[in-house]
Amino acid sequence: MKIGELLSGTLLGDANIQARRFKYGNYFYYKLTAKDKKFLRWCVKLFQKFGINCYITQDNKISRTFLSGFYMNKYDFLLNFHKKWYKHVNGKVIKTIPRNLELTSTTLLFWYLGDGSLIRRKNDENRVPFVVLATNTFSKKNIDLLIQKLKDFNLNFYPVKYKSGFTGKESGYCLYSNTQDGTPYRFFKLIGFECPKEIENCSTGCKGIYREEKFFKDKWPTEEDWVKILSNVKETARIIKLRRKQLNLTQKYVSGLVKVTREHIRDIENGRRYGSVKSFRKVLKALNIEIKYLLNELEDN
């Protein structure tokens with residue numbers, strides 16, 4: 001991990017850099033907010049590895065948020081970050097995406113931690129969940145740039161107009177992952193198949209129409225989510241085929257268990273066809289393949 005990756009990831013999310021005027025000059029102040037102090041303590045430890053000392057304090061008593069921050073002027077190697085990320089537009093200073101922004105697995109992780117979510121459709125056993133990245137503070141031009149940078153990672157996202165859950169009004173865009181080409185799998189392969197253990201039980205606040213408390217671990221797929229996600233990953237074909245042969249089963253026998261044609265199983269094993277979530281679930285059961293085993297095999301390749 002590099003300090004630039006950490007800062008860029010948080011700035012893609014909720015973090016910001018403020019210019020503050022003092023009697024003896026201007027200072028740039030970095031600010032990261034969160035609902036849970038424990039999450040901020042984890043971030044502070046990461047900053048400390050680069051010799052940066054942060055402090056944590058109350059941010060907003062009404063919304064019950066906390067902040068960690070530090071003055072960037074104390075660290076010469078950070079002074080160009082405000083210039084890179086902020087521009088003067090129509091008399092205002094706004095956060096923008098640097099054209100030379102380099103996305104890395106670390107940058108994506110902290111972007112997702114700050115402003116990402118996994119959208120599941122309740123009461124739908126066959127709908128693949130979406131990875132969503134909030135970008136409603138950025139211009140459409142900046143969003144197009146982010147989409148291209150994600151595409152360079154073989155991650156395909158598209159913009160959807162964002163509607164505030166508080167006001168009901170449209171405000172910018174969010175990026176939704178394509179669910180039919182394996183993008184959700186490749187995204188989590190980059191940032192990690194599991195939430196970092198240190199923060200998995202940290203609260204992200206009460207969200208949704210039922211105002212349920214959510215935690216960072218809720219941003220990561222459950223076992224059932226993985227069944228849906230991996231049903232569209234063609235790299236599973238080799239593992240399924242190998243497992244069937246290890247069990248000394250024929251394609252015809254497996255097709256009988258799944259209740260599809262033998263040709264259907266053949267095409268799945270050759271990577272020419274994505275099985276439906278329903279049939280994929282049956283294939284895994286027929287071959288006694290656990291999701292953890294499947295993910296381990298995919299990661300090894």
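Bear in mind that the values in this text are calculations on the coordinates, not laboratory data. Just so it is clear, the structure is predicted and the values come from calculations on it, not from any experiment. Because the Cβ atoms are built from the backbone with ideal geometry, glycine has one as well, and the counts that use them run over all protein chains shown.
Rounding to the nearest 10 and keeping the result within 0 to 90°, find how far the Cα-based axis of helix 277-286 lies from the longest principal axis of the chain. Result, in degrees: 60. The C-alpha atoms of the chain define a longest principal axis, and helix 3-12 lies at about 80 degrees to it.
What order, most packed first, do the peptides 36-47, 122-133 have when packing is the mean number of other Cβ atoms within 10 Å of each residue?
On the way: 36-47: 18.2, 122-133: 16.3.
Output ranking for 36-47, 122-133: 36-47, 122-133.
Compared with the dominant principal axis of the Cα atoms in the chain, helix 140-151 is inclined by about 50°. Near Leu287, no amide H atom lies under 5 Å from its own; only residues 5 or more places off or on other chains count, and H is placed 1.01 Å from N.
Here the dipole of the chain is about 500 debye; that uses its Cα centre as origin and unit charges on the Cβ of Lys and Arg (positive) and Asp and Glu (negative). Rounded to the nearest 20 debye, the dipole magnitude of the stretch 194-257 is 600 debye, with +1 charges on Lys and Arg beta carbons, -1 on Asp and Glu beta carbons, and the Cα centre as origin.
Taking 18 Å as the straight-line reach from the Cα of Lys45, the aspartates and glutamates in range (excluding those fewer than 8 positions away in the same chain) are Glu5, Asp36, Glu198, Glu200.
Let a ≥ b ≥ c be the square roots of the eigenvalues of the Cα gyration tensor of the stretch 1-82; is it rounded (a/c under 1.5), or, if not, prolate (a/b larger than b/c) or oblate?
oblate
Give the shape of the stretch 105-228 as rounded, prolate or oblate, defined through the alpha-carbon gyration tensor: a ≥ b ≥ c are the square roots of its eigenvalues, a/c under 1.5 means rounded, and otherwise the shape is prolate if a/b is larger than b/c and oblate if not.
On the way: a/c = 1.34, a/b = 1.08, b/c = 1.24.
The shape class here is rounded.
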